[in-house]
Amino acid sequence: MTAALQGMRHLRRAVTVFRVLARHDAAFVLERFGAPRLPVRAAGWLLLAPPSRAVAGMRRGERLRTALIALGPAFVKIGQALSVRPDLVGEEMADDLATLQDDMPSIGGGEVRTAIEREFEQPLDELFSEFEDEAVAAASIAQVHRATTTEGVEVAVKVLRPEIEDAFARDLGLARWAARLIERRLPRFRRLRPADAVETIARSVEMEMDLRLEGAAADELRVNFADEAYFSVPEVDWQRTGRRVLTMRWVDGIPIDRIGGEDGNGVDPGEVVASLARVFFLQVFRDGFFHADLHPGNLFVDEDGVVHAVDFGIMGRLDLASRRYLADMLHGFLTGDYDRVARAHLRAGYVPPHHSPAEFAQAARSIAEPILGLPLGEISLARLLAQLFAVTRRFDMQTQPQLLLLQKTMLVAEGVGRGLCPGLNMWELARPLVESWVRSGDGAEARLREAADGLLDALERFPQVLKELERSAADAAARRQEGSAPVEPAANRTAPGRAWPARVVVAILVLAAVAALG
């Protein structure tokens, strides 16, 4: 499809989106991206889309949330992503969007059975001895059914909705188009990297729509916590898993937000919160791989107090540098060392070096003290991070999508912990673990070990580098001869294959020493 036709298609869809926003009195979101207020309002009336009375009295965020649900699953995902971007939509609106859930009407059991048989090219009764047509959960992308395999194992079967790929491709294409337009026409928004934000959503959705990838994520998390007594991930049935179908062992337990209540199972909520804090710390800092959708519907607790996680469509990853930055920053906040917070940002390269560390430390103090001064049960590190990311615009800090996903996850986890034990702060429980990790993971010993690993990697690549350098030297010599360049006296010449190796080895050793001592 030509660029002109694509542009026309996106424009047509954009008009439809605008009409829905206007009917829900939510077109104000366009004003945040530079659209003048009066033309936006006038366009709504010209397109016969005046605000509905049904949304009268709602807050702006509530109106936007309702509009996004009406626009379909891709916009629900976009709204969920905006819920962690108060820098784009404001604190209050981000709070309203944080309640967006993927609850959708389920499709019929007949369609689901057909989809499973098509995926595995065999009758359903050859895979499952029992299959419940009524879904136990239905979201925008897929729904889950309870079943029993022909071997007698109880399982949960997740099946993609029909034609969901086409619906997402259309609306994500529109989002990409709009983000590029914003970056091109509105330079002041480039710092927020809207195109990168859309690509982050697109990658997440693409992974969610290949259920083999979700199965792999679940399996990786299960292996990481194989020795953890109070956290469990169900095993994947790979023989009954494909691109559009995921089968995992059924989890017996109650949703985590029901323990301690009348229908609870007698488990101590405080112990569950402590387990959740430890597990979250290990996922983020030890493994750099974390479950990024920890709402109560995805966490179940059995009668032994074991927390079982499900739904691995949204996972986060943090490289070692991001983990070091995060641990250093959190440790600085928790101990009131705001100079350390500033140094962490500058060392990570998130804040350009021309900014004053003292001014950044002052800004960090201004947002931390009001939050950390609250009663322990009301302290929210997720809120602190959100305000930190908002204030960093004054220091030219670019948006870090991986940290925004973590901040959103922390916010949800805090809500779970506070709901179970209002007076208990899960981050205070994890504080000794963070401090221990900072000492062991960011000390001189760790840097020396990392430098040694880098040196070994460089030495492994050395023969290939040497061949390329020798080839470059030979090519240069040939070009000089072709151009009748003056011949250098023999006393000053070095054979192409002799000087280069020594220089490369010296360079490698110097870099290793700098890395070890830096």
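The values are calculated or read from the model by the stated rules, or taken from the named source; none is laboratory data. All of these numbers come straight from a predicted model, not from anything done at the bench. We place every Cβ from the backbone using ideal geometry, glycine too, and count neighbours over all the protein chains shown.
So which residues in region 211-230 are touching a Gly at 6+ places or on another chain (Cβ under 7 Å) and either surrounded by fewer than 20 Cβ atoms within 10 Å (Cβ to Cβ) or of a type in the set (Val, Ile, Thr) (or both)?
Hits for region 211-230 are ARG212, TYR230.
Being farther than 21 Å from LEU82 by Cβ and free of Cβ contacts under 8 Å to residues at least 40 places away in the same chain is the filter here; which residues of region 376-392 pass it?
Within region 376-392, just GLU378 meets the criteria.
Out of (1) touching an Asp or Glu at 6+ places or on another chain (Cβ under 9 Å); (2) of a type in the set (A, V, I, L, M); (3) closer than 28 Å to GLY7 by Cβ, what's the single condition that is false for ALA167?
Of everything listed in (1) touching an Asp or Glu at 6+ places or on another chain (Cβ under 9 Å); (2) of a type in the set (A, V, I, L, M); (3) closer than 28 Å to GLY7 by Cβ, ALA167 misses just condition (1).
When you check ASP263 against the structure, is it modelled with pLDDT under 95 and closer than 21 Å to SER140 by Cα, yes or no?
No, not satisfied.
When you scan region 350-368, how many residues do you find that are in contact with a Leu (Cβ under 8 Å, 6 or more places away or on another chain) and without any contact (Cβ under 8 Å) to a residue 12 or more places away in the chain?
Qualifying residue count for the region: 1.
Checking ARG203 against (1) assigned to a helix (DSSP H, G or I); (2) closer than 24 Å to ALA137 by Cβ; (3) modelled with pLDDT of 80 or more: exactly one of these is not met. Which one?
Only one criterion is unmet by ARG203, namely (3).
How many residues does region 387-403 hold that are of a type outside the set (Lys, Arg) and modelled with pLDDT under 80?
Residues in region 387-403 being of a type outside the set (Lys, Arg) and modelled with pLDDT under 80: 10 in total.
Listed residues VAL267, VAL310, VAL273; which is of a type in the set (Val, Ile, Thr) and touching an Asp or Glu at 6+ places or on another chain (Cβ under 9 Å)?
Residue meeting the stated conditions: VAL267.
Those residues that are in a strand (DSSP E or B), free of Cβ contacts under 8 Å to residues at least 40 places away in the same chain and not acidic (Asp, Glu), I need them from region 129-146; list them, please.
Answer for region 129-146, where residues must be in a strand (DSSP E or B), free of Cβ contacts under 8 Å to residues at least 40 places away in the same chain and not acidic (Asp, Glu): SER129, PHE131, ALA138, GLN143, VAL144, HIS145.
Looking only at residues that are at pLDDT 90 or above and hydrophobic (A, V, I, L, M, F, W, C) in region 350-367, which one is nearest to the chain's Cα centre (by Cα)?
Among those residues, the one meeting the criterion is ALA364.
Hey, could you check region 107-128 for residues that are surrounded by 13 or more Cβ atoms within 10 Å (Cβ to Cβ) and not in a helix (DSSP H, G or I) and say which is nearest to the chain's Cα centre (by Cα)?
Only one residue tops the list, namely ILE107.
Being within 26 Å of ALA195 (Cβ to Cβ), loosely packed, with under 13 Cβ neighbours inside 10 Å and either among the small types (Gly, Ala, Ser) or touching a helix residue (DSSP H, G or I) at 6+ places or on another chain (Cβ under 9 Å) (or both): is that true of PRO352 here?
yes
Sort out for me the strands (runs of 3 or more DSSP E) sitting completely within region 245-344 that have 3 or more residues that are in contact with a helix residue (DSSP H, G or I) (Cβ under 6 Å, 6 or more places away or on another chain).
In region 245-344, the matching strands (runs of 3 or more DSSP E) lie at 245-249.
Quick check on my filter: what residues within region 254-297 are on the phi > 0 side of the Ramachandran plot and out of contact with any Lys or Arg (no Cβ under 9 Å at 6 or more places or on another chain)?
Residues satisfying the conditions are GLY260, GLY266.
How many of the residues in region 231-241 are crowded, with 18+ Cβ neighbours inside 10 Å and either out of contact with any strand residue (DSSP E or B) (no Cβ under 6 Å at 6 or more places or on another chain) or farther than 16 Å from LEU276 by Cα (or both)?
So the count comes out to 5.
Could you pull out the residue among ASP302, ASP287, ASP252, ASP293 that is charged (D, E, K, R), at pLDDT 90 or above and under 22 Å from the mean Cα position of the chain (by Cα)?
The unique qualifying residue is ASP287.
Could you list, in sequence order, all residues of region 199-234 that are among the hydrophobic types (A, V, I, L, M, F, W, C) and touching a residue at least 40 places away in the same chain (Cβ under 8 Å)?
Across region 199-234, the qualifying residues are ILE201, VAL205, MET207, MET209, LEU211, ALA217, ALA218, LEU221, PHE225, ALA229, PHE231, VAL233.
Quick one: which helices (runs of 4 or more DSSP H) lie wholly within region 23-106 and hold at least 2 residues that are within 20 Å of the chain's Cα centre (by Cα) and either farther than 23 Å from ARG161 by Cβ or at pLDDT 70 or above (or both)?
Of the helices (runs of 4 or more DSSP H) lying wholly inside region 23-106, those with at least 2 residues that are within 20 Å of the chain's Cα centre (by Cα) and either farther than 23 Å from ARG161 by Cβ or at pLDDT 70 or above (or both) span 73-82, 86-89, 91-97.
Scan ALA147, ALA156, ALA139 and give me the residue that is modelled with pLDDT of 95 or more, under 16 Å from MET248 (Cβ atoms) and under 26 Å from the mean Cα position of the chain (by Cα).
After applying the criteria, what remains is ALA156.
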